[in-house]
Amino acid sequence: MPLTLDHALFHLSAGEAARLLQARELSPVELLDAFLDRIEAVDDRVHSYLLLTADSARASARQAEADIMAGRWRGPLHGIPYAVKDNYYTRGVRTCGGSRLLLDFVPDHDAAVVEKLAVAGAVLLGKLNTWEYGTGNGGVYFDLPFEPARNPWNLDHFTGGSSTGSGAAVAAGTAMVAMGSDTTGSVRLPAAACGLQGMKPTYGRISRHGILPNCYSMDTPGPLTWTVEDSAIMLRAVAGHDARDPGSANVPVADYLAALERGVRGLTIGVLRDLGSETDLVDPANRAGLEDMARVLQAQGARLVDVLLPAPVADYRAVTSVINWSESLAIHERDLQERGADMGYALRDKLMSGYTTRAVDYLAAQRRRRELTDATNAMLNSVDAVITPCAYHVAPPFADNDVVRAFTSENACPPFNASGHPAMTICTGFDAGGLPTNAQIVGRWFDEATVLQVARAYERETDWRARRPRP
């Protein structure tokens, strides 16, 4: 019987596809062809890709097929089609970060993440859309050399930034899994807007080697996936110490799949509902999603307790903004000085903010960051995990840039960029207009396993993963 749209190969999860590939019930070539056909069918509307590497992907898929047929199955990513945000270096393949300034830049090496996924046997489909240099001021101005990615749930709506193509691709079925990067929410916000599971791991858990830098002390790579299992599969493949990244943590990597189905019975989970003056900014549908998550986890045996951040979210946002502006300008000042006129407004505006930030402001922000980090860590150490809002709003329409900027600024991501704790966006359903709602699960440093365990416990008891967009 032919597959329907909702059961097409490009709508399998990576975990489902891996089991079929391992059993030789599905060919990596057949799977790749399904994605290439899907890209051809919808990506002229979704704009998830900046560059497609179809020829090399076909070669990789044929090699994966030969290896698997010969009994050399490498693991659950062997033969899985994936793509990366176009701030990840790819040897011999253009990496432009969505910018005119880098349209001729072809790296001579792969990012560490791309290296690891190649070892795992994954098939690289191409480079995904992004805000310029993977950053910006929160707005979309339609002044870059590429069309912005569109939200597959409603093509007139925003994907979240800055991993725009990563969110759009996994939701639309133009990539099975994707990698993005998160400085103040750029994995979690696209995941929230596009109905995905978006993991920002502990700072230092994944190597940043070969990723275009944005903010040295907060940049964190992370996967965007359809299911929690897929996130665990991806994280297990790409996590680990790398001496080439000075921020890389030399901490053992857990088997994130081992405890995934363990459930939450006996866990103490904090519920962070009170965001101070920002509490009322959270859309009613997102508040309802958080309460549904709390209800489901409690029904499965978790003990829920109310928790509070040690400071208003606005304090964290002020700290991360000053640090982000300063470090981004330090990284990209020459580009701004020599070719600022070629930059889009969002990047130029952000970098100019760095010029207005004094050294004493940056140092004060770092001192305040340490205070907030210590206090936030104490709160998280009082429980096994915390659930809280992530994006306050559902994905807004492009038509109103003020509303787009509100989406990227009004959220509870910055506390956990400042502190470096792992935080994961989870789809909690849909609002009356059919746009995804979301909540966030936060864990202790390097305890992504518990974050994933809690996320999977909620996912298992809901049916949101059965619903797919039709771009």
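Things to note:
- Sequence-ordered 3J(HN,Hα) estimates for the range 147-159 from the Karplus curve with 6.51, -1.76 and 1.60 and θ = phi - 60° stand at 5, x, 5, 10, 6, x, 6, 6, 5, 8, 10, 6, 8 Hz, glycine and proline given as x.
- For the range 96-164, carbon and sulfur atoms together expose 54% of the accessible surface, with a 1.4 angstrom probe and every protein chain in place.
- Here's how it looks for ARG303: its modeled amide H is under 5 Å from those of GLY266, LEU267, THR268, ILE269, which are all 5 or more places away or on a different chain.
- Taking the 1.4 Å solvent-accessible surface of the range 323-401 as the whole, the part contributed by carbon and sulfur is 50%.
- Taking Lys and Arg as +1 and Asp and Glu as -1, the other residues whose beta-carbon sits under 9 Å from that of PHE10 total 0.
- Ranking by accessible area, most exposed first, for PHE398, PHE416, PHE146 with a 1.4 Å probe: PHE146, PHE398, PHE416
- Zone of ASP255's modelled label, taken as backbone nitrogen in the range 204-235 under 15 Å from a point 7 Å along Cα→Cβ: 233
- Here the gap between THR279 and ALA466, fully extended at 0.36 nm per residue and compared with their Cα-Cα distance, gives a gain of 64.3 nm.
- Computed from backbone phi with θ = phi - 60° and the Karplus coefficients 6.51, -1.76 and 1.60, the 3J(HN,Hα) list for the range 187-204 is 9, 6, 5, x, 4, 5, 5, 9, x, 10, 9, x, 9, 9, x, 4, 3, x Hz; x is used for glycine and proline.
- Here HIS109 sits with roughly 60 square angstrom of accessible surface, probe radius 1.4 Å.
- For ARG244, the accessible surface of its heavy atoms amounts to roughly 120 Å² (probe 1.4 Å, protein chains only, rounded to the nearest 10).
- With a 1.4 Å probe rolled over the protein heavy atoms of all chains, the accessible area of TRP226, TRP73, TRP153 falls in the order TRP73, TRP153, TRP226, largest first.
- Straightening the chain between LEU103 and ALA341 buys 84.2 nm, computed as 0.36 nm per residue apart minus the Cα-Cα spacing.
- Note on exposure: GLU25, GLU327, GLU147 ranked by accessible area (1.4 Å probe, complete protein assembly) read GLU25, GLU147, GLU327, with the most exposed listed first.
- Volume of the Cα convex hull of the range 343-411, divided per residue and given in Å³: 120 Å³
- Other residues within the sphere of radius under 10 Å centred on the Cβ of LEU101, judged by their own Cβ, net out at -3 (K and R +1, D and E -1).
- Shape of the range 281-370, Cα gyration tensor, a/c cut at 1.5: prolate
- 3J(HN,Hα) couplings calculated from phi for the range 357-371 with the Karplus curve 6.51 cos²θ - 1.76 cosθ + 1.60 (θ = phi - 60°) are, in sequence order, 9, 7, 4, 5, 5, 4, 5, 5, 5, 5, 5, 5, 4, 4, 4 Hz; Gly and Pro show x.
- Applying Stokes-Einstein at 10 °C and 1.306 mPa s to the Kirkwood radius of the chain, computed over alpha-carbon pairs, gives a translational diffusion coefficient of 73 µm² s⁻¹.
- When peptides 304-310, 390-396 are ranked by their average number of other Cβ atoms within 10 Å per residue, the highest-first order is 390-396, 304-310.
- Placing a pseudo-label 7 Å from each Cα along the Cα-to-Cβ vector at ARG74 and ALA243 gives an inter-label distance of 2.3 nm.
- Centre separation in Å (Cα based) which lies between the range 266-282 and the range 190-260: 24 Å
- Selected from PRO397, PRO422, LEU363, residue furthest toward positive end of dipole (the range 325-425; charges at beta carbon): LEU363
- With DNA, RNA and ligands ignored, accessible area of SER277 (1.4 Å probe; Å², nearest 10): 110 Å²
- Its alpha carbons give the range 17-139 an Rg and a Dmax of 15.4, 50 Å.
- The relative contact order of the chain, computed from alpha carbon pairs under 8 Å that lie at least 6 residues apart in sequence, is 18 percent.
- Point-charge dipole on Cβ atoms (K/R +1, D/E -1) for the chain, about Cα centre, debye to 20: 760 debye
- Rolling a 1.4 angstrom probe over the protein heavy atoms with all chains in place gives the chain an accessible area of 36 Å² per residue.
- Separation in nanometres of the label points that stand 7 Å from Cα toward Cβ, at THR356 and ASP33: 5.6 nm
The values are calculated or read from the model by the stated rules, or taken from the named source; none is laboratory data. Given the structure is predicted, the values throughout are model-derived calculations rather than measurements. Neighbour counts run over all protein chains shown; Cβ positions are idealised from the backbone, glycine included. For the accessible areas, the whole protein counts, side chains as well, though only heavy atoms, and no ligand, DNA or RNA atoms are used. Shrake-Rupley method; radii C 1.70, N 1.55, O 1.52, S 1.80 Å.
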